[in-house]
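Colleague: Sharing a structure with you now.
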Amino acid sequence: MVVSEELNNQQLEAVNHINGPLLILAGAGSGKTRVLTYRTQKLIELGIKPYNILLLTFTNKAANEMKERINNQIGLDKSSGLWSGTFHSVCIRILRNIMGNNFVVYDTEDQLKLIKDIIKKRNIDNERFTPSKVLTAISKAKNNLIKAEEYNYYYNDYFHSKISDLYLEYQEELKKNNALDFDDILLKTIDFFNDNPDILNYYQNKFNYIMVDEYQDTNKAQYILIKQLSDLHKNICVVGDIDQSIYSFRNADFRIILNFQKDFENAKLIRLEKNYRSTKNIVEASNILIRNNTQRFEKVLYTDNPDGEKIFIYQAFSEQEEVRFITKQIHNLINTKGYKYKDFVILYRTNYQSRIFEEHFISNNIPHQIIGGFKFFERKEVKDIISYLKVIFNPNDSVSLERIINVPKRGIGNTTISKFLDLKEKYNLTLWQVFNLNEIVDIVGKSKEKIIKNFINFIKNLINESKDKPTSYLIKLIIEESGILEEIRNEDKKENKDTSREENIYQLINSAKEFELQSEDYSLGAYLSYISLITDLDSLNKNNESIKLMTIHNSKGLEFPVVFISGLAEGIFPHYLSETEEELEEERRLMYVAMTRAKEYLFITFSENVFRNYYQNEQEPSRFIYEIPLNFVNTNMKIKKTFYNEKLNSYKRNKDYYQGQKISTEKFGIGIIKRIIQDNNKKLLMINFESRNGLTIIDPSLTEVDIIE
């Protein structure tokens, strides 16, 4: 039974609001997960079946945490029928119910391979049209529900016309391989619902009550999916905080949460403003920083926690000194306050900043874990075995089949593979169909034909063996029958390497076994879906006795007793590419997220000098440092309060602008001012840049604007 004493008034109000749309603005550390789990418990206590409840999250970690809390509170097990998962995991489950179970999901490496082959075949300039650039454009289109056949209607320049052609062929190849990419998972589900009202109606009635976590991070596709599912009963509860919207690079749109009350008539708004995580100094300093943003819901976090230590801002001469300072503070707190390595996290704006910490920690034998490095499931030996599993599951997966045709080595070289690929294109077949052609002997000769046929028979035997067998059994069978493990052992022995590759293979077996124990559906298809959705955070073990290093984006949803925000220099954070007012506001939200990860101690560091491109460069402290009032700060920076205020004001340059004026910025080039907007005490410029379609709004107090005429 829900115990009201365990919830504050606002949390209790949110838990007890059952029917109709509800927007919960949940500040950092305000107990939103507790509200969602108690609200689920309340629904079940009122007689609503778990089967009729859907919990949508943005990470596997959050979904698993909620499931675990709900199970502990009310004793649900995995057979209860409650659906809790990420948008993609839920949509894959729906698609498998609708489409059947034999499609595979391509990860980023598979997608890039497919696009690279298409670019090569079309003889397109691969410097201007790199696979990653093409994939980004296609992903952006899909997240905005723009299909391949519609792409040309939205763009009409040369670059996008080429993207349109590549997008069309990319989709054809996916279809031929019976594969979906990550973005297709949502797009395909939305299409099914649009084309099949009876199927949509089934899921609308199934999910009478829908709850969505981290609503500020939804993109257009996710928004449309939520609207579809909730349209019948309107029992939609979303939880979010616009001040923590930091994923525009993944096409998230913070305006979606801003418009919730327009989208859902008579929606109730509840603010969770009591912070249970951080000290008063951290909470109040974070409040003041984020108030510099204009596009937000007004809320003021408060806490009953002690004042705590002031935020320490350290100015180092060099990056090496910055790292030594952080290391010294870690050991001081371990020795004087009893902290352990697992209590510390070092945050940075971009991944490359981890290098200097990693080198220092390795040379000094300091235990550490980098989140967001080389993922387990992307390691070659692991990916090879997963490709075997994909081919067993779906032989028409040409990308996976091409990968394993000569793994382990069978004497099938690149020349032979090229002949197969040429036939594949000539006759519009899958690679598996090419391998099964009668005239294969005429193509590769008798000796190679025997090798190919042995390989085909091996795959067919694995397919037969896979029926009703657990995935862990199949992995063992692949290892034993293919010779892949023996080849790895021989190579490692010959080159005096350690046994980590062999250990990774055994870890893959363990991964499959754990999945089989925990999952309601432990089929091969379900396992392949599961690993396709693994994120960087799934490798995080907070109880592991090591210092954690990660980007601020990866820290979202986490908390640590001691947080170091490193490299806080202008041009690094905020990033030098963030020039418009909207981009700078997102950078400030990112800083807010970083600060509010800290429970007890918060350190902010930067170095005056860095080496970039073989040269030493001087750096200015980030403007965000000057947005934290001095009364919350201890610092070694040799500055006085008057200078501190002058420095902040220097970022708020003010010039005389007029409509029709020609100006220039470093990022967007030359443009014409179309309109000047007065927003409170701020002056914003609406500019038509020659390099961009449409109008762009910038804040001249935050962006260097040169007047041309």
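Colleague: Calculate one ³J(HN,Hα) per residue across the range 312-317 by plugging θ = phi - 60° into the Karplus curve 6.51 cos²θ - 1.76 cosθ + 1.60, and present them in order as whole Hz with x for glycine and proline.
Modeller: So the J values, rounded to whole Hz, are 9, 10, 10, 9, 9, 6.
Colleague: Per the Cauchy relation, a quarter of the hull surface: what is the mean projected area of the convex hull of the alpha carbons in the range 554-629, in nm²?
Modeller: 5.9
Colleague: Considering all projection directions equally, how large on average is the shadow of the alpha-carbon convex hull of the range 1-123, in square nanometres?
Modeller: 11.3
Colleague: Please compute the Kirkwood hydrodynamic radius of the range 367-471 from all pairs of different C-alpha atoms, in Å with one decimal.
Modeller: 15.2
Colleague: Hey, another quick one. Three principal axis extents, largest first, for the C-alpha atoms of the range 1-62, in Å?
Modeller: Over the range 1-62, Cα extents along the principal axes are 31, 30, 21 Å.
Colleague: Can you tell me the relative contact order of the chain? Whole percent, Cα pairs under 8 Å, sequence separation 6 or more.
Modeller: 16
Colleague: How far, in degrees from 0 to 90, does helix 414-427 lean away from the longest principal axis of the Cα atoms of the chain, to the nearest 10?
Modeller: That helix lies at roughly 90 degrees to the long axis.
Colleague: In Å, what Rg and Dmax follow from the Cα atoms of the range 210-320?
Modeller: Rg and Dmax of the range 210-320, Cα atoms, are 17.7, 61 Å.
Colleague: Would you mind checking which residues have amide H under 5 Å from L22's amide H? H placed 1.01 Å from N; only 5 or more apart, or other chain.
Modeller: I236, C237, V238, K268
Colleague: Run lengths n ≥ 4 of DSSP H only: what is the helix-derived mean residue ellipticity at 222 nm for the chain, with -39500 (n - 2.57) per run over all residues, to the nearest 500?
Modeller: About -14500 deg cm²/dmol.
Colleague: Compute the length gained on full extension between E503 and S418: take 0.36 nm times their separation in residues and subtract their Cα-Cα distance, giving the result in nm to one decimal.
Modeller: Full extension of this stretch gives 27.3 nm more.
Colleague: At a Cα cut-off below 18 Å, give the lysines reachable from K556, other chains included and same-chain residues fewer than 8 away excluded.
Modeller: Correct list for K556: K32, K61, K342, K542, K548, K599.
Colleague: In addition: How about K280: which aspartates and glutamates have a C-alpha closer than 20 Å to its C-alpha, ignoring those fewer than 8 places off in the same chain?
Modeller: D241, D243, E298, D304, D307, E309, D343, E559, E600, E627
Colleague: Evaluate Rg over Rh across the chain, taking Cα atoms for both radii and Kirkwood's formula for Rh.
Modeller: A ratio of 0.97.
Colleague: Additional query: Send over a whole-number figure in Å² for the accessible area per residue of the chain, probe 1.4 Å.
Modeller: Ligands and nucleic acids excluded, the figure is 46 Å² per residue.
Colleague: Pairing the Cα long axis of helix 220-230 with the longest principal axis of the chain, what angle in degrees results, from 0 to 90 and rounded to the nearest 10?
Modeller: Roughly 80 degrees, rounded to the nearest 10.
Colleague: Tell me, what HN-Hα J-couplings in whole Hz come from the Karplus equation 6.51 cos²θ - 1.76 cosθ + 1.60 at θ = phi - 60° for each residue of the range 463-468, using x for Gly and Pro?
Modeller: 4, 5, 5, 6, 5, 6
Colleague: Give me, ordered by chain and number, the residues 5 or more places off T86 or on other chains with an amide H under 5 Å from its own placed amide H.
Modeller: When sequence neighbours closer than 5 places are left aside, the close amide H contacts are T57.
Colleague: Further question on the same structure: Say R0 is 41 Å: what FRET efficiency, to the nearest 0.05, do Q320 and N72 get from their beta-carbon distance?
Modeller: Step by step, r from the Cβ atoms, then E = 0.30.
Colleague: If the chain between L232 and Y576 were fully stretched, how many nm would it gain, using 0.36 nm times the residue separation less the Cα-Cα distance?
Modeller: Stretched out fully, the L232 to Y576 stretch lengthens by 119.3 nm.
Colleague: Work out, step by step, the length gained on full extension between N490 and N454: first 0.36 nm times the residue separation, then minus their alpha carbon distance; give nm to one decimal.
Modeller: Computed gain between N490 and N454 is 10.7 nm.
Colleague: Could you compute the net charge surrounding N19? Neighbours are other residues with a C-beta less than 13 Å from the C-beta of N19; K and R count +1, D and E count -1.
Modeller: For residues surrounding N19, the net value is +4.
Colleague: Along the range 501-506, what does the Karplus equation 6.51 cos²θ - 1.76 cosθ + 1.60 (θ = phi - 60°) give for ³J(HN,Hα), rounded to whole Hz, x for Gly and Pro?
Modeller: Residue by residue, the range 501-506 yields 5, 5, 5, 4, 5, 5 Hz.
Colleague: Could you give the nm distance between label points at N156 and D706, where each point is 7 Å from its Cα heading toward the beta carbon?
Modeller: Label at N156, label at D706, 3.3 nm between them.
Colleague: Greater than 22 Å separation of Cα atoms is the criterion. Which listed pairs, K67/K206; K380/K450; K390/K448; K262/K683; K116/K450; K176/K390, meet it?
Modeller: Correct reply: K380/K450; K390/K448; K262/K683; K116/K450.
Colleague: In the chain, what % of DSSP beta bridges are antiparallel (nearest 5)?
Modeller: Roughly 30 percent of the DSSP beta bridges within the chain come out antiparallel.
Colleague: For the ranges 211-220, 315-324, 161-170, what's the packing order if you count other beta-carbon atoms within 10 Å of each residue, average per peptide, and put the highest first?
Modeller: 211-220, 161-170, 315-324
Colleague: How many angstrom separate the Cα center of the range 365-418 from the Cα center of the range 441-479?
Modeller: 16
Colleague: In the neighborhood of G240, defined by Cβ-to-Cβ distances under 10 Å, what is the net charge if each Lys or Arg adds +1 and each Asp or Glu adds -1?
Modeller: In short, -4.
Colleague: Just check the range 41-99 against the gyration tensor rule for me: Cα atoms, a ≥ b ≥ c as the square roots of the eigenvalues, rounded for a/c under 1.5, and otherwise prolate or oblate depending on whether a/b exceeds b/c.
Modeller: Oblate shape, in that a/c is at least 1.5 and b/c is the bigger or equal ratio.
Colleague: Can you pull the one-decimal nm distance between simple spin-label points at K140 and E690, each 7 Å off the Cα toward Cβ?
Modeller: It is 2.1 nm.
Colleague: Also: Rounded to two decimal places and with Rh computed the Kirkwood way over Cα pairs, what is Rg over Rh for the range 181-265?
Modeller: Across the range 181-265, the Cα-based Rg/Rh ratio is 0.97.
Colleague: If you take every residue apart from N406 with its C-beta less than 14 Å away from the C-beta of N406, what net charge results, scoring Lys and Arg +1 and Asp and Glu -1?
Modeller: Surrounding charge for N406 is +3.
Colleague: Just the ratio, please: alpha-carbon radius of gyration of the range 451-515 over 2.2 N^0.38 Å, N its number of residues.
Modeller: Dividing the Cα radius of gyration by 2.2 N^0.38 Å gives 1.28.
Colleague: Sequence neighbours fewer than 8 away in the same chain don't count; with that in mind, list the lysines whose C-alpha is under 27 Å from K446.
Modeller: Hits, sequence-local ones excluded: K409, K419, K424, K426, K460.
Colleague: Something else: Can you give the Rg and Dmax of the range 29-69 based on its C-alpha atoms, in angstrom?
Modeller: Here Rg and the maximum Cα pair distance are 10.6, 30 Å.
The values are calculated or read from the model by the stated rules, or taken from the named source; none is laboratory data. Everything numeric in this text was worked out from a predicted model, so none of it was measured. Positions of Cβ are backbone-derived with ideal geometry, glycine not excepted, and every protein chain shown enters the neighbour counts. To get the accessible areas, we keep the full protein, side chains included, count just its heavy atoms, and leave off ligands, DNA and RNA. Shrake-Rupley method; radii C 1.70, N 1.55, O 1.52, S 1.80 Å.
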